Amino acid sequence: MCSEDQAIEILNRGGVVAIPTETVYGLAAQIDKPEALKKIFQTKERPFFDPLIVHVYSAQQAKDYCDEWPPVAQILADNFWPGPLTLVLPKNEKISPLITAGLDTVGLRCPRHEKTLSILRKIQIPLAAPSANKFGKTSPTSAQHVAESLPGIQVLDGGECEVGIESTIVAVKTEPQLQIELLRPGMVPWGEIKKTLKNYTVEYIEGNKEILAPGSLDDHYMPDIPLVLLEQNMSDKTLLDSVNKKLKLHFSSFVNMDLPEENYMAARVLYSRLREAGKCKEDFIVLKVKPFMLEEAWAPLWDRLKKASSLKI
Ligand code: TXA
Ligand code: MG
C-alpha cells in the first residue's frame, strides 16, 4: 500500500501504481512515460493490441488529447463525468500509439474517485490505466484484490469500488454522419446516453463484434474455478453429470453463488463474489439464473457473466 504522495512520486519517476476508481482499480502510468506504459502490459501479461483507457480530471483536459471534440462529446462529458463512461474519439499526436495499439482513436474517461482525481489534478498529466488484474482474470474492486492479483505493485487504497464493473465505452464518430457505437456496456445505461442526446440526429450502433472491445476476446473476467450459469431447474446430481459430460471432467462438488436483485448492488459485489467463490474448495461455481436477471438493466452484468463463465446449462 502507498500514500497519495508516494503514488505521485512513483508515477513521476516512470513507475506504475494501482489507483482506485469508482468502477474497478486501475494499473496506472503517466502517458508521457513509454517505459511505464510498457510495464503496464508486462505486469498484466496483456497483449499490446489491446488499447488502454486514458484518465483525465476534466473534459477540458480530455480535449487537449483529441483531434476532434464534437458537441456531443461535451454533452456526454457534462452529463456523465466524473463517472463510469469512456468516450472513444480521434486522438492527436500527444497520445502514443503504445496506448491505442496503433488505432487513431483514444478512450478517455474522468473517474469519480476523489483520491485519483486529486492525483490527476496535481500531476497535470493524464494516466493510462487498464483494470489492475492479470489479463483475462477478474477485475479488482478493492486494494486487497489488487494485492492478491499483482503482488509487488504499490496500491493506493481508496476503499471498495462503488460501481464495481468497468465503464460503459462508446465510440463517437462525426463523419460521414454523427454515429455512436456501444463498445462495452456498463452502469451508464445505453438508454440514458440516447436520452441525453435526444436533440441530435445520431445513428446508434450496438455491439459491433469486429471492433476490439474488452472481452470480445472470449475468455475474460474469469474466476479461478469454472463458473456455470444454470438456467434450468435440476437436481444436484443431474447438474454434476451434465457439467462433467459437457466439460469432459470429473467434478464432484460445486458452490452456489448469489447476486442481489438490484442491478447496481449486483454490479458492486459481482467481482468480489466471483473471487470469493473461486477460492473455495469445491470444483466449480454455479449461478442460478433468476427472472430479475433477465431485465434490461442487467445487460452490463450479463456481458461480464457470459465472458466469465465456462458453461451455460
Ligand atoms: O472502468 C474502466 O474503464 C476501468 C477503470 C480502471 O477506468 N478500465 C478498464 O480498462 O476497464 P481495460 O483496459 O480493462 O479495458 C479497456 C478497454 C480495452 O480492452 C479496449 O477494448 C477498449 O477499452 N478501448 C480502449 N481504447 C479504445 C479505442 N481507442 N478503441 C476501441 N476500444 C478501446
Ligand atoms: Mg480489464
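The values are calculated or read from the model by the stated rules, or taken from the named source; none is laboratory data. Because the structure is a prediction, the values reported are computed rather than measured. Here the Cβ positions follow ideal geometry from the backbone for every residue, glycine too, while neighbour counts run over all protein chains shown. With ligands, DNA and RNA removed, areas are computed over all heavy atoms of the protein, side chains included. Shrake-Rupley method; radii C 1.70, N 1.55, O 1.52, S 1.80 Å.
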Exercise. When you look at SER167, is it under 14 Å from PHE80 (Cβ atoms) and either at pLDDT below 95 or within 14 Å of ligand 2 (Cβ to nearest atom) (or both), yes or no?
Worked result: yes
Problem set entry | Tabulated pairs, the range 116-133, first among the basic types (Lys, Arg), second outside any loop (DSSP other than H, G, I, E, B), C-beta under 9 angstrom, 6+ apart or interchain | LYS122/GLU4; LYS122/ILE8
For this session: Please determine, by comparing only the residues of the range 210-221 that are at pLDDT 60 or above and open to solvent by less than 40 Å² (accessible area, probe 1.4 Å), which one is farthest from PRO51 (Cα to Cα).
Result: TYR221
Exercise. Can you tell me which of ALA277, ALA297, ALA267 is open to solvent by 40 Å² or more (accessible area, probe 1.4 Å) and of a type in the set (A, V, I, L, M)?
Worked result: ALA297
For this session: Would you be able to say whether some residue in the range 6-18 is closer than 27 Å to ARG275 by Cβ, in contact (Cβ under 8 Å) with a residue 12 or more places away in the chain and within 12 Å of ligand 2 (Cβ to nearest atom)?
Result: no
Seminar exercise, completed: GLU175: passes all of (1) out of contact with any Lys or Arg (no Cβ under 6 Å at 6 or more places or on another chain); (2) not in a loop (DSSP other than H, G, I, E, B) but (2)
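Residue by residue through the range 94-132, note down the ones that are part of a loop (DSSP other than H, G, I, E, B), within 16 Å of ligand 2 (Cβ to nearest atom) and over 20 Å from ASN79 (Cα atoms).
Across the range 94-132, the qualifying residues are ALA101, ALA129, PRO130, ALA132.
Each row is one residue, and each column tells you yes or no for (1) touching a strand residue (DSSP E or B) at 6+ places or on another chain (Cβ under 8 Å); (2) charged (D, E, K, R); (3) surrounded by fewer than 16 Cβ atoms within 10 Å (Cβ to Cβ).
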site: GLU22; (1), (2), (3): no, yes, no
site: PHE41; (1), (2), (3): no, no, no
site: LYS44; (1), (2), (3): yes, yes, no
site: PRO51; (1), (2), (3): yes, no, no
site: TRP69; (1), (2), (3): yes, no, no
site: ALA77; (1), (2), (3): yes, no, no
Seminar exercise, completed: The helices (runs of 4 or more DSSP H) lying entirely within the range 210-313 that contain at least 1 residues which are over 24 Å from ASN133 (Cα atoms) are 236-247
